[in-house]
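K.L.:
I am attaching a structure below and will ask some questions about it afterwards.
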Amino acid sequence: MEEESVHFADSNSEEDVEEEEEHSSAQEATHAQPKAKAKKPKKRKGATGPPPMETFINQTAFDVYFSYASSTLRVSDNVLSSLVEPLTHDEVHTIEQQMQEHADSNEGVQRLCSMHESFFPHYWFELHNGFNLLFHGYGSKRAILTKFGKEYCARNGNIIIVNGYNKRAGLKTILSAIEQIPKLGEVSLRSSGLEGQLQRIYGFFRDSNHPPLYLIVHNIESPSLRDNKVSTLLSTLALHPRIHLIASADHINTALLWSSAEVSARKHSPTPVGTEIPSHKGYAWLFHDLTTFRPYVIELTHRDISTLPAQNQGTGATSGGAGQAMSEPAMSHVLASVTEKAKRLFRLLATKQMAAVEEDASSKVTGLEKYGMQYDLLFNEARKEFLATSDVALRALLGEFMDHGMVLSGGTPEVLWIPAGKEILKRVLQNMGST
């Protein structure tokens, strides 16, 4: 029995060996066949962005970052300015009036302004204890500060109001206003220039026989008041013990205009007349929230009116007269900033267009290109008037008007016209001195 069992085991092992040999030969045959190449993922035509995820064996955060950073971004050509039509001057004026009427009739706004006015005695106390006042917060603060100046400052001294939101406000404006104070002009200048005027003003108010000066500056953070000379003037006068500065600001980063030393500076000690001005400068600010929620109607009237509305510029204007109509203030603003030759060229084009419009007895703004003047004819007329002797010179004169949308062009041959009605053109020509 043992032999049989042993023999049975031996016979089984031989069969297993045979099966293993057959299996190994089958594997060798399989490996002998040529391997099929792995298919690479197809790349889509015009596809942008990182490569497919299958190309990375183990994609890390760094791989993802650099793959996306190297991809190109698609930017849409549909911008908001091309979808929304700009407002005209009349529409802007109407909106401003509605905002003003709403603020005047709003009980909450009126209560808020009344609350601020109740703090006038507190502001007055701070002014006469070595501090200047800087008011911030949302809404126009012009009316409240002007009222404070009339009710308190004007009754106790000289008051100067500087409208910083006006682009014309600057060093000369402030100095000329201060120089008009009675008896100040009688003081002789020690030296010429800003230093001499500053010494005269500073020395004049050292005398207690002269009333103090209250300087109210609306929008002290405006670009026209950021000049170094203006800063020197204000920072010196602000520390005078008898000159008091009240200012407003609307920019959120206004405090960054001055260093901490200038903000926390203290008033100069009283010194006798004739001594030198102390060297340190600053403002000695106390900050107050003066939120009013009133619209900035007056402040916005001094913006560049030639930018409203945005005109169809250059030769891109269609021959259908799609350009926005220019208003009289906008045209006057542009004419005030161009050369005399450019004014004469505009008068020439406007006169020809006026004559064509009067013949047709039409004053509509649309379709004005039919009353325009061909470029070749305008060039001949300009050469006769010695305005331009070459095409380059004429294009240069027209460039300023075309950039602001005052002159449009289009059609073949090229025609130039002014996008303004008969009455507006007539008034503009009268203001220019044309008959």
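The values are calculated or read from the model by the stated rules, or taken from the named source; none is laboratory data. Predicted model, so just to flag it, every value in this text is computed and none were measured. Positions of Cβ are generated from backbone atoms using ideal geometry, with glycine treated the same way; all protein chains shown enter the neighbour counts.
K.L.:
Within segment 244-279, take every residue that is of a type in the set (A, V, I, L, M, F, W, C) and in contact (Cβ under 8 Å) with a residue 40 or more places away in the chain and give me the one that is nearest to Val187 (Cα to Cα).
P.N.:
Per the stated criteria, the residue is Val273.
K.L.:
Restricting the search to segment 225-241, which residues are buried (at least 20 other Cβ atoms within 10 Å of the Cβ) and more than 16 Å from Ala169 (Cβ to Cβ)?
P.N.:
If the condition is that a residue be buried (at least 20 other Cβ atoms within 10 Å of the Cβ) and more than 16 Å from Ala169 (Cβ to Cβ), then Thr236, Ala238, Leu239, His240 are the ones that fit.
K.L.:
Output the residues belonging to segment 136-188 that are of a type in the set (Ser, Thr, Tyr) and either more than 25 Å from the chain's Cα centre (by Cα) or at pLDDT 90 or above (or both). Walk me through it before giving the result.
P.N.:
Taking segment 136-188 first, the residues of a type in the set (Ser, Thr, Tyr) are 138, 140, 146, 152, 165, 173, 176, 188.
Result: Tyr138, Ser140, Thr146, Tyr152, Ser176, Ser188.
K.L.:
Looking at (1) more than 33 Å from the chain's Cα centre (by Cα); (2) surrounded by 14 or more Cβ atoms within 10 Å (Cβ to Cβ); (3) part of a loop (DSSP other than H, G, I, E, B), which one does Ile220 not meet, given that it meets all the others?
P.N.:
(1)
K.L.:
Hey, can you tell me all the residues within segment 227-243 that are outside any helix (DSSP H, G or I) and more than 19 Å from Arg200 (Cβ to Cβ)?
P.N.:
Asp227, the sole residue that qualifies.
K.L.:
Can you give me the number of residues within segment 152-184 that are surrounded by 12 or more Cβ atoms within 10 Å (Cβ to Cβ), of a type outside the set (D, E, K, R) and assigned to a loop (DSSP other than H, G, I, E, B)?
P.N.:
10
K.L.:
Just the residues that are among the β-branched types (Val, Ile, Thr) and in contact with a Ser or Thr (Cβ under 9 Å, 6 or more places away or on another chain), please, taken from segment 395-435.
P.N.:
In the first step, residues of segment 395-435 are kept if they are among the β-branched types (Val, Ile, Thr); the result is 407, 412, 415, 418, 424, 428, 435.
Passing the criteria: Thr412, Val415, Ile424, Val428.
K.L.:
Checking the condition surrounded by fewer than 18 Cβ atoms within 10 Å (Cβ to Cβ), in the same structural domain as Val263 (by TED's automatic domain parsing), assigned to a loop (DSSP other than H, G, I, E, B) and among the hydroxyl-bearing types (Ser, Thr, Tyr), which residue from Ser188, Ser140 passes? Write out each step before concluding.
P.N.:
On the way: Ser140 fails: surrounded by fewer than 18 Cβ atoms within 10 Å (Cβ to Cβ).
The conditions single out Ser188.
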